[in-house]
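The values are calculated or read from the model by the stated rules, or taken from the named source; none is laboratory data. Remember, predicted model here, so these are calculated numbers, not experimental data. A quick note on method: Cβ atoms are made from the backbone with ideal geometry, for glycine too, and the neighbour counts reach across all protein chains shown.
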Amino acid sequence: MMRYTNLDLLKFLLFEVHPVNELFQYERFAHLNDEQVWMMIESAKQLADQTMAPHFKSMDEQPAHYDGHGNVRTHPALKQIIQSAAEQGWIGGSALFEHGGMQLPEMVFGTAHHIFQAANNGVEGYLGLSAGAAGLITSFGTIDQLEQYVPKIYSGEWQGTMALTEPQAGSSLTDITTSAKLISDNTYAIRGQKIFISGGQHEACSNFVHLTLARIEGAPAGVKGISLFIIPKFRPEKDGSLTYNDVYCAGDFQKMGQRGYATTHLSFGDNNNCIGYLVGEPHKGLNYMFQMMNGARISVGLCAASVAMAAYQASLQYCKERPQGRMPSEKDPSKPPVTIIHHADIQRMLFTQKAIAEGAIALGIACNKLYDLSHAASDSVKEKSLLLLEILTPIVKTYPSEHGSRSAALAIQTLGGYGFTTDFPVQQHYRDLKIMSLYEGTTGIQSIDLLGRKVVMEKGKALQLLLDEIQLTIEAAKQFDGLAGHAEVLSQELSRITWVLKHLQKFAANGQLERYLSDASVFLEMMSYSVIGWQWLKMAVTASLKLQSAHLPDNQKAFYEGKIHTAAFYFTYEMPHAAACASTLLAEETLTSISNFDLFN
Ligand SMILES: Cc1cc2nc3c(=O)[nH]c(=O)nc-3n(C[C@H](O)[C@H](O)[C@H](O)COP(=O)(O)OP(=O)(O)OC[C@H]3O[C@@H](n4cnc5c(N)ncnc54)[C@H](O)[C@@H]3O)c2cc1C
């Protein structure tokens with residue numbers, strides 16, 4: 001089987017760079033130790049090897065598809081995969097014991113899911129959505145709702161989904177029109193259409209619990225009038241029976257990637273018999289949903305990084321095996337060709353992939369740790385973790401999805417013509433990856449969130465905390481001769497962020513909000529280079545300490561040296577792009593806020 005991730009990297013990140021054992025001091029995670037964590041990661045790898053990776057290609061070739069009668073047909077292996085994962089706790093594992101979970105840190109749960117994503121990203125979505133939907137019911141629902149739905153979701157029998165998008169309301173959830181009319185207590189009659197609903201009604205689960213945003217009749221306009229409902233396909237009755245709840249799957253979407261992952265069009269209440277159960281208080285639905293969306297944003301970012309990692313592994317293996325051409329200095333045609341990994345241009349493409357994929361995985365794991373701290377710690381650690389997570393969320397979602405695509409394109413490039421064929425998996429990785437910059441908030445929307453909200457929140461406190469945190473790594477790096485230069489570069493990049501912000505904030509202060517936000521995506525890209533550079537510097541510092549403190553066998557030595565080398569590569573080949581972004585952002589003339597659309601002719 002082709003390698004799709006690197007367990008040594010995961011061990012390095014979990015135990016050395018972002019030590020998971022720092023979480024065990026908190027009551028919530030006190031039942032864990034490093035050995036148990038690693039056993040779980042190894043068992044997740046085994047599960048992925050045995051059940052997920054073998055179907056990666058065939059799920060693409062036999063996509064989920066609509067049967068014309070309200071159901072989506074899925075790959076024959078899907079049901080068993082969901083059940084095996086559920087049995088091992090990979091749907092409900094991060095929930096509290098009292099809610100049927102294993103009280104695992106998101107760092108561990110998310111790392112296991114990284115393995116699933118790298119093995120078969122289409123399958124992992126079904127598990128992740130169920131985990132998120134059940135988490136939402138647990139956080140904001142009633143005890144009855146929890147008891148009715150959550151155990152069935154955790155067992156893999158029922159599928160959880162998030163139903164936000166409507167034909168006219170994608171990025172702009174303000175415009176949703178699905179309606180909810182009070183019947184009694186917290187029971188509402190629902191009518192409306194939702195599109196693009198992942199994991200919608202398919203044949204691998206027997207019931208579907210749609211966590212749905214709708215507007216209660218008479219609710220205020222805008223996001224303040226949106227409420228959250230549980231809308232099952234079959235509603236549980238008091239006697240334990242199930243009644244069809246008038247949620248019809250009207251069709252599906254055939255896609256360029258993630259073809260095994262059902263994407264459905266749902267119609268609620270065509271026969272006036274669809275009941276939704278209010279979660280929490282009326283009109284607070286979007287706030288509640290943000291819990292699931294924020295979790296999903298980290299997960300989508302990590303998924304993009306995971307797919308980029310799988311493409312990198314395939315590319316690396318090919319480059320070690322494919323003989324082609326000779327070194328520039330070799331003039332004798334009778335000499336055998338070298339394998340292509342000898343060529344500098346191939347090495348550039350391999351290191352670019354490694355820098356993007358591993359840097360993004362490191363950031364994903366760091367964000368999951370912040371999530372854990374924000375739940376398990378108290379007072380100042382909690383507050384700091386929450387703020388750091390707020391500012392990092394748009395970046396952890398967007399950098400891997402945008403640069404992961406670039407990385408997977410390079411994986412194809414390293415294979416030459418074979419990369420373009422369906423004989424090799426890299427083209428599928430490339431196709432699968434594209435969705436990550438679209439769902440869970442497009443790159444444009446994440447960028448506006450970063451520049452419009454996150455960098456200015458609490459008078460810039462989240463940004464300042466992040467800059468301080470990066471500064472700590474810079475100080476640590478200065479202790480090593482080989483890293484001091486990168487530390488200096490990163491330090492200058494932090495000043496550049498502050499300087500560019502000062503320039504842009506003039507526009508916001510003058511009320512020119514459109515101008516302030518017009519190049520938000522360029523700003524996010526610029527800031528991402530520093531954030532990923534921070535992760536690379538952290539990895540390089542950790543590796544340098546290890547090399548200094550222990551005499552390691554050659555293979556382990558090469559692993560740590562590889563981290564230092566890739567950090568150097570990142571600072572030489574990737575970081576300079578930040579200056580180009582800054583140059584665009586500092587331009588006085590705006591070229592992207594025009595009103596004369598004839599200029600596009
Ligand atoms: C395969 C797939 C699975 C999905 N799964 C789910 C799911 O499970 N649940 C769910 O609810 N939804 C799901 N979605 C929907 C997804 O979240 C939306 O497609 C996404 O939010 C974008 O909305 P849209 O497609 O309507 O595009 P639009 O909102 O029309 O956006 C089109 C373009 O305009 C840009 N744009 C829009 N508004 C602005 C603005 N204010 N400023 C700057 N640029 C802007 C966007 O960035 C984008 O580039 C899924 C979509 C797909 C394709």
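Observations, loosely collected:
- Annotation note: of 268, 290, the sole residue that is free of Cβ contacts under 8 Å to residues at least 12 places away in the same chain and of a type in the set (Phe, Trp, Tyr) is 290.
- For the stretch 95-122, residues that are free of Cβ contacts under 8 Å to residues at least 40 places away in the same chain and small (Gly, Ala, Ser) total 0.
- Qualifying residue in the stretch 75-84 (condition: over 23 Å from the mean Cα position of the chain (by Cα), more than 25 Å from residue 138 (Cα to Cα) and touching a residue at least 40 places away in the same chain (Cβ under 8 Å)): yes
- Residues of the stretch 250-296 satisfying the condition of being out of contact with any Phe, Trp or Tyr (no Cβ under 6 Å at 6 or more places or on another chain), crowded, with 22+ Cβ neighbours inside 10 Å and within 30 Å of residue 365 (Cα to Cα): 258, 260, 261, 262, 285, 289, 292, 295, 296
- Among the residues of the stretch 60-116, those that are closer than 12 Å to residue 203 by Cβ and of a type in the set (S, T, N, Q) comprise 71, 74.
- Within the set 329, 299, 315, 306, the sole residue that is surrounded by fewer than 18 Cβ atoms within 10 Å (Cβ to Cβ) and of a type in the set (Ser, Thr, Tyr) turns out to be 329.
- Counted residues, the stretch 245-293 - those being among the small types (Gly, Ala, Ser) and within 12 Å of the ligand (Cβ to nearest atom): 3
- Taken over the stretch 223-244, the criterion of being out of contact with any Pro (no Cβ under 8 Å at 6 or more places or on another chain) and exposed (fewer than 15 other Cβ atoms within 10 Å of the Cβ) is satisfied by 224, 237, 238, 239, 240, 241, 243, 244.
- Which numbered condition residue 240 fails, given (1) of a type outside the set (S, T, N, Q); (2) closer than 17 Å to residue 153 by Cα; (3) within 16 Å of the ligand (Cβ to nearest atom); (4) at pLDDT below 95: (3)
- Once the stretch 209-222 is narrowed to residues that are more than 29 Å from the chain's Cα centre (by Cα) and surrounded by fewer than 17 Cβ atoms within 10 Å (Cβ to Cβ), the residue that is nearest to the ligand (Cβ to nearest atom) is 221.
- Residue count, the stretch 574-601 (criterion: in contact with a helix residue (DSSP H, G or I) (Cβ under 8 Å, 6 or more places away or on another chain) and either in a loop (DSSP other than H, G, I, E, B) or loosely packed, with under 11 Cβ neighbours inside 10 Å (or both)): 3
- The stretch 354-380 residues that are assigned by TED's automatic domain parsing to the domain that holds residue 115 and closer than 23 Å to residue 401 by Cβ, paired with ones that are at pLDDT 95 or above and not in a helix (DSSP H, G or I) (beta carbon under 8 Å, 6 or more apart): none
- Any hit, the stretch 119-128, residues being among the acidic types (Asp, Glu), part of a helix (DSSP H, G or I) and farther than 30 Å from residue 446 by Cβ: no
- For residue 126, the stated conditions hold: it is within 14 Å of the ligand (Cβ to nearest atom) and aromatic (Phe, Trp, Tyr).
- Boolean, residue 569 is closer than 21 Å to residue 365 by Cβ and touching a residue at least 40 places away in the same chain (Cβ under 8 Å): yes
- Within the stretch 343-369, being assigned to a helix (DSSP H, G or I) and over 15 Å from the mean Cα position of the chain (by Cα) holds for 344, 345, 346, 347, 348, 349, 350, 351, 352, 353, 354, 355.
- The residue that is nearest to residue 102 (Cα to Cα), among those in the stretch 155-165 that are buried (at least 19 other Cβ atoms within 10 Å of the Cβ) and more than 7 Å from the ligand (Cβ to nearest atom), is 156.
- The one condition in (1) out of contact with any His (no Cβ under 6 Å at 6 or more places or on another chain); (2) within 23 Å of residue 74 (Cβ to Cβ) that residue 192 fails to fulfil: (2)
- Residues of the stretch 178-208 that are part of a loop (DSSP other than H, G, I, E, B) and either within 12 Å of the ligand (Cβ to nearest atom) or over 31 Å from the mean Cα position of the chain (by Cα) (or both): 178, 185, 186, 199, 200.
- Restricting attention to the stretch 131-154, the residues being surrounded by fewer than 19 Cβ atoms within 10 Å (Cβ to Cβ) and either within 11 Å of the ligand (Cβ to nearest atom) or in a loop (DSSP other than H, G, I, E, B) (or both) number 1.
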